[in-house]
Amino acid sequence: MNQFEIEGMRQELDVASVGFGPAGIALACALEDEAEDNGKKPFQRVKFFEKGRDATWHGAFLLAGTDINHHVFRDLVTPRNPRSRFSFAMYLKAKGRLYKFGLLGRPASRVEWSDYISWVADQLNDYVSYDEGVVDILPVTESGILKAVDIVTPKGIYRTRRLVLSHGSLPRIPEVFSAHLGGRVFHTSQYLKNVHLGGGPIAQRWLVLGSGQSAGEAVAHLLGAAPTTQVHSVHRGVGFRVGQLGQFPNMAFLPEQVDYFHQLEPARRTRVFDEIRSTNYAGIDADESQALYSFMYEGEVSGHQRLNLHTWSSVESVEKVGDAYSVVLRDNNTGSETTLYVDGIVLGTGYEQLAVPPLLTLLLPWLVREEDGSLSVDRSYRVSLQNSEGLQILANGTSEKTHGISDAQSFSMVALRAQQLTDALLATQPRQLAKVVSHPKRAAAARAEARS
Ligand SMILES: Cc1cc2nc3c(=O)[nH]c(=O)nc-3n(C[C@H](O)[C@H](O)[C@H](O)COP(=O)(O)OP(=O)(O)OC[C@H]3O[C@@H](n4cnc5c(N)ncnc54)[C@H](O)[C@@H]3O)c2cc1C
């Protein structure tokens, strides 16, 4: 019996990542570029665990006619290394669409962006194990000192001293819906899996909660799915607002803004975040706002209204009544209540990052926290640990609270962060115990020095 069997199927990994979405894939690109530049892999045993069956990008909400909302230069690699073979330009070249894309005159569609991500991921198959979600992360200690973690999946247990959290953000589910989730009550992250539940014609009466891009897209999709569908669009505030598209607030996504944000006290960070949140959250595109408003207006003209707006409203209660749901809305200002009967409920309520990712619950005694309870993560994305030795945990797109708006739910920092993570990982190698250096040239120089 070999050691592997003795240890109860536990494997050792040099680097393990939870998640192989864009952030994880971008890190794999950086590791692969590093291997190609130096003729050898920086780490031999690397595994990205991905609970999805493939690398489709937000596949359950990949609606036709939707565009990406960032520049294509902010792909998985270009800001880090425009010469990388994993760029969007290389994808277009490989697909024979480089010139044709140039004639489009609009951003890439989400469908094309997902195809680009899958094209990159397909070239990195050695790095990933699909259909293998991480269900638990266990501490490995010696005399109370945290030395490593065991990653538990339905397929095995893996021990590592370098853990990367690339698992993205969590769907935000308001408490009142929790007991009803599944079937015809679902978050937009489950949309295409559930909206045509049971096949046959689409359900007729819908409630969509939320004022952001996903909610707006769900409303438009449901109205377009059949000529008879009715949608109740429920908003806490005034209704759909156009997202902040101006250049100045969007400078918040420039890489140098991460340095600015990270140095602030937690309370200041919250203030800065609130000031710029409308650049990426709770806003829809101007053309979508125009289309939804026009639809509602035409409903008034024809006397056949299919889009019913409920502003200043909160959902007080939800009750299942046969195959339908009765939903009580409360006006936040007047207190008046309205009861709606619908066949399905879509939660366009966005995503969130909790103070501590649920997967780290068992590591709580070793996690250093900020004043607001969130994880303390240094500028190089290292999660701060106490009573720990030789273990590195890195946040990859999971440090919005310490690094700001571009470090979650955005492509802005995906490529550059991958370089910083690679540098942080390389700095843990025995010959490289020097400080983390993030600039590519400085990093290359430091590595060359360490090798000599
Ligand atoms: C519909 C939609 C459209 C968007 N459009 C844009 C856009 O145009 N531009 C932009 O900049 N941003 C956009 N975003 C934000 C987008 O989420 C990020 O840009 C990007 O997907 C973040 O990548 P990520 O890898 O950090 O997270 P994710 O894309 O969420 O990927 C995380 C991955 O981890 C996996 N995972 C999670 N938990 C586990 C686990 N326990 N075990 C194993 N695997 C796990 C997930 O299956 C997933 O594949 C959009 C988001 C949505 C939902």
> If each of H196 and L364 carries a label point 7 Å out from its Cα toward its Cβ, how far apart are those two points in nm?
Replying inline: 4.4 nm
> How much length, in nm to one decimal, is gained on full extension between K100 and R379, taken as 0.36 nm per residue of separation minus their Cα-Cα distance?
Replying inline: 96.4 nm
> Got a sec? Charge dipole of the chain, +1 on Cβ for Lys and Arg, -1 for Asp and Glu; which of P79, P154, H262 is way out at the positive end?
Replying inline: P79
> Tell me, what HN-Hα J-couplings in whole Hz come from the Karplus equation 6.51 cos²θ - 1.76 cosθ + 1.60 at θ = phi - 60° for each residue of the stretch 198-209, using x for Gly and Pro?
Replying inline: x, x, x, x, 5, 4, 8, 10, 10, 10, 10, 9
>> Test of understanding: express the Cα radius of gyration of the chain as a ratio to 2.2 N^0.38 Å, with N the residue count.
In response: 1.05
> For E352, which sequence-distant residues (separation of 5 or more, or a different chain) have an amide H within less than 5 Å of its own amide H, given hydrogens modelled in the peptide plane?
Replying inline: L170, R172
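With charges only on Cβ, +1 for K and R and -1 for D and E, what is the dipole size of the stretch 46-180 about its Cα centre, in debye, rounded to 20? Walk me through the numbers on the way to the answer.
On the way: 19 positive and 14 negative charges, 126 e Å.
For the stretch 46-180, the charge dipole is close to 600 debye.
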> Against the longest alpha carbon principal axis of the chain, how many degrees, from 0 to 90 and to the nearest 10, is the axis of helix 22-38 turned?
Replying inline: 30 degrees
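Taking the stretch 85-177, how much of its Cα-Cα pair set, in percent, is spaced more than 17 angstrom apart?
Numbers: 2940 of 4278 pairs.
Value for the stretch 85-177 (Cα pairs over 17 Å): 69 percent.
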> What aspartates and glutamates sit close enough to K40 to cross-link, taking a C-alpha to C-alpha distance under 14 Å and skipping anything fewer than 8 places away on the same chain?
Replying inline: E32
> trypsin sites (Lys or Arg not before Pro), restricted to the stretch 27-73: which are DSSP loop and have at most 12 other Cβ atoms within 10 Å?
Replying inline: K40, R53
> What angle, in degrees between 0 and 90 and rounded to the nearest 10, separates the Cα long axis of helix 414-426 from the longest principal axis of the Cα atoms of the chain?
Replying inline: 30 degrees
> Each label point is 7 Å from the Cα along the Cα-to-Cβ direction; what then is the distance between the points at D126 and D54, in nm?
Replying inline: 2.3 nm
>> Going by amide H atoms built from the backbone, whose H comes under 5 Å of the H on Q11, apart from near neighbours?
In response: I157, Y158, R159
> Taking only the alpha carbons of the stretch 144-295, what extent do you get along each of the three principal axes, in Å, biggest first?
Replying inline: 62, 47, 25
> All other residues with a Cβ under 15 Å from the Cβ of H187 taken together, and with Lys, Arg as +1 and Asp, Glu as -1, what is their net charge?
Replying inline: 0
>> Expected output is a single nm value to one decimal: the length gained when fully extending between V238 and K155, i.e. 0.36 nm times separation in residues minus the C-alpha distance. What is it?
In response: 25.1 nm
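Estimate the FRET efficiency between N332 and H262 by the formula 1/(1 + (r/R0)^6), using the beta-carbon distance for r and 35 Å for R0, to the nearest 0.05. Before the final figure, lay out the partial values.
Values: r = 35 Å, r/R0 = 1.00.
Computed FRET efficiency for N332 and H262: 0.50.
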>> With +1 assigned to the C-beta of every Lys and Arg and -1 to the C-beta of every Asp and Glu, and no other charges, what is the dipole magnitude of the chain about the Cα centre in debye, to the nearest 20?
In response: 1080 debye
> Hey, fewest Cβ within 10 Å first, where do I117, I157 land in order?
Replying inline: I157, I117
> Near the amide H of F48, under 5 Å away, which other amide H atoms are found, from residues 5 or more places off or on another chain, if H is placed in the peptide plane?
Replying inline: S17, V128, S129
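In debye, nearest 20, what is the charge dipole magnitude of the stretch 196-270 about its Cα centre with +1 on Lys and Arg Cβ and -1 on Asp and Glu Cβ, if you could check? If you can, show how the numbers build up before the last one.
Details: 5 positive and 4 negative charges, 67 e Å.
About 320 debye.
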> When you take every Cα atom in the stretch 299-349, what is the radius of gyration, and what is Dmax, the widest Cα pair distance, in Å?
Replying inline: 12.6, 34
>> Taking θ = phi - 60°, what integer Hz values does the Karplus form 6.51 cos²θ - 1.76 cosθ + 1.60 yield along the stretch 221-230, in sequence order, with x for Gly and Pro?
In response: 5, 5, 5, x, 6, 7, x, 10, 5, 10
>> Can you tell me the orientation of helix 266-276 relative to the chain, as the angle in degrees between its alpha-carbon axis and the longest Cα principal axis, to the nearest 10?
In response: 50 degrees
>> Between S278 and S302, what is the label-point separation in nm under the 7 Å Cα-to-beta-carbon projection?
In response: 3.2 nm
> What does the charge count near Y293 come to, summing +1 for each Lys or Arg and -1 for each Asp or Glu among other residues with Cβ under 13 Å from its Cβ?
Replying inline: -4
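Each value in this text was obtained by applying a stated rule to the coordinates, not by laboratory testing. Model, not experiment: these values are computed from the prediction. Glycine gets a Cβ as well: all are built from the backbone with ideal geometry, and neighbour counts include every protein chain shown.
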